[in-house]
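The block underneath contains the structure these notes are about, expressed in structure tokens.
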Amino acid sequence: MTKNHFYEKNGPYPLNEIVKTIASDYKLNNKNNIEIHGFESLTNATVNDITFLNSQKYKDFSLKTKAAACITTVNLSRFLPEKCIKLNVKNVLFAVTQTSKMFYPNADIDLPDEKLQDFIKLKKIYPNVKTGANVLIGNNVKIGKNSHIGSNSIIESNVCLGENCIIGSFVTIRNSLISNNVHIQDGAKIGTKGFGFIPKKNKNIRTPHVGKVILEEGVEIGSNSTIDRGSLSDTIIGKNTFLDNQVHVAHNVRIGQNCMIAGQVGFAGSCTLGDNVVVGGQAGISGHLVIGNNVKIGGGSGVINNIADNKQVMGYPAVPLREFLKQRKK
């Protein structure tokens, strides 16, 4: 994740304070009561950070993590480097939420941006930008030359918008970095909080989402689509990828370059698509899956397993296209 500047951040915290908060069984001494500066993913964590591991499917990343400490379980702790302090807990995701809230106390909900101003008052700052009526802009927003913003759209504080972008009407953009030549059509919502919570006995507890949305050059987002920001990592849509109308992209999703996503497709959290992927309308992609390069997914399909490069699948659950056609003939 690139440097975080969208959320209030607390810390650093001594490790013993985190241990007490998450009720870990780890026994600290003065030597290992180090300062923890941030909460990061397995791959982004540095020697000053804490991370988490809740599934052995991420062992290839966890074995290489540089994190000083990791929230995990007794069974998964063997997939961590020896020097990494293992904080074993009963419920990893609940402990993750508790720790996230220590560092980012206001990132579990999307409060309205109180720094918005009418674009008319800021025209001198953006002399090469054209807008419709009632466009609101937050603090420290960067907008490239020759960009157009439609009526009643909101660009919240610290968002970066590149050159030659076209933003439709009734669009909201927050917590996002947007490259040049990006088109976002009417009604789209970019950078909103994802569907992240921990179900407890009598209450669902919201978990902070402190990642961003990154739209690379030439991306197009269709009308009324939603792109959720990442939780600890970022949600990324690759260069020249086009999304049709009413597409939902959940937190931490990564879509490669030159992909074509038809209307009403839904991507669950943390799935990854390669380059040149085509997804037919109303297909659903389950979370934490890896879809290879040059894959074609038929409309209405339900993808619940990883798909290797150059495959064509269809159906629910999605199977190779030839197998699907054989089933239809029976």
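The values are calculated or read from the model by the stated rules, or taken from the named source; none is laboratory data. Nothing here was measured: the structure is a model prediction, and the numbers come from that model. All Cβ positions, glycine included, derive from the backbone under ideal geometry; neighbour counts span all protein chains shown.
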Residues of segment 2-31 that turn out to be of a type outside the set (Val, Ile, Thr) and in contact with a Leu (Cβ under 7 Å, 6 or more places away or on another chain), as a count: 5
Whichever residue in segment 107-164 is assigned to a loop (DSSP other than H, G, I, E, B), assigned by TED's automatic domain parsing to the domain that holds residue 184 and touching a Lys or Arg at 6+ places or on another chain (Cβ under 6 Å) and, among such residues, is farthest from residue 177 (Cα to Cα): 128
For residue 107: the one exception among (1) within 28 Å of residue 12 (Cβ to Cβ); (2) in contact with a His (Cβ under 7 Å, 6 or more places away or on another chain); (3) surrounded by fewer than 22 Cβ atoms within 10 Å (Cβ to Cβ): (3)
Qualifying position, being farther than 20 Å from residue 269 by Cβ, surrounded by fewer than 20 Cβ atoms within 10 Å (Cβ to Cβ) and in contact with a strand residue (DSSP E or B) (Cβ under 8 Å, 6 or more places away or on another chain), among 160, 165: 160
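Being at pLDDT 95 or above and small (Gly, Ala, Ser) narrows it down to one residue among 45, 67, 23; which is it?
Details: 45 fails: at pLDDT 95 or above; 23 fails: at pLDDT 95 or above.
Answer to the check: 67.
Only one of 182, 129 is crowded, with 23+ Cβ neighbours inside 10 Å and among the β-branched types (Val, Ile, Thr); which?
On the way: 129 fails: crowded, with 23+ Cβ neighbours inside 10 Å.
The conditions single out 182.
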Count of residues meeting criterion [part of a strand (DSSP E or B), surrounded by fewer than 22 Cβ atoms within 10 Å (Cβ to Cβ), in contact with a His (Cβ under 8 Å, 6 or more places away or on another chain) and of a type in the set (A, V, I, L, M, F, W, C)] in segment 252-301: 0
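If you check 210, 265, 253, which single one turns out to be at pLDDT below 95 and of a type in the set (Val, Ile, Thr)?
Values: 265 fails: at pLDDT below 95; 253 fails: at pLDDT below 95.
Result: 210 is the single residue among 210, 265, 253 that is at pLDDT below 95 and of a type in the set (Val, Ile, Thr).
Which one of these is surrounded by fewer than 17 Cβ atoms within 10 Å (Cβ to Cβ) and touching a residue at least 12 places away in the same chain (Cβ under 8 Å): 21, 99?
Numbers: 99 fails: surrounded by fewer than 17 Cβ atoms within 10 Å (Cβ to Cβ).
Sole residue among the options that is surrounded by fewer than 17 Cβ atoms within 10 Å (Cβ to Cβ) and touching a residue at least 12 places away in the same chain (Cβ under 8 Å): 21.
Restricting the search to segment 60-80, which residues are assigned to a loop (DSSP other than H, G, I, E, B) and loosely packed, with under 13 Cβ neighbours inside 10 Å? Don't jump to the end; show me each part of the working.
Narrowing segment 60-80 to residues assigned to a loop (DSSP other than H, G, I, E, B): 63-68, 73-76, 80.
Selection gives 64, 74, 75.
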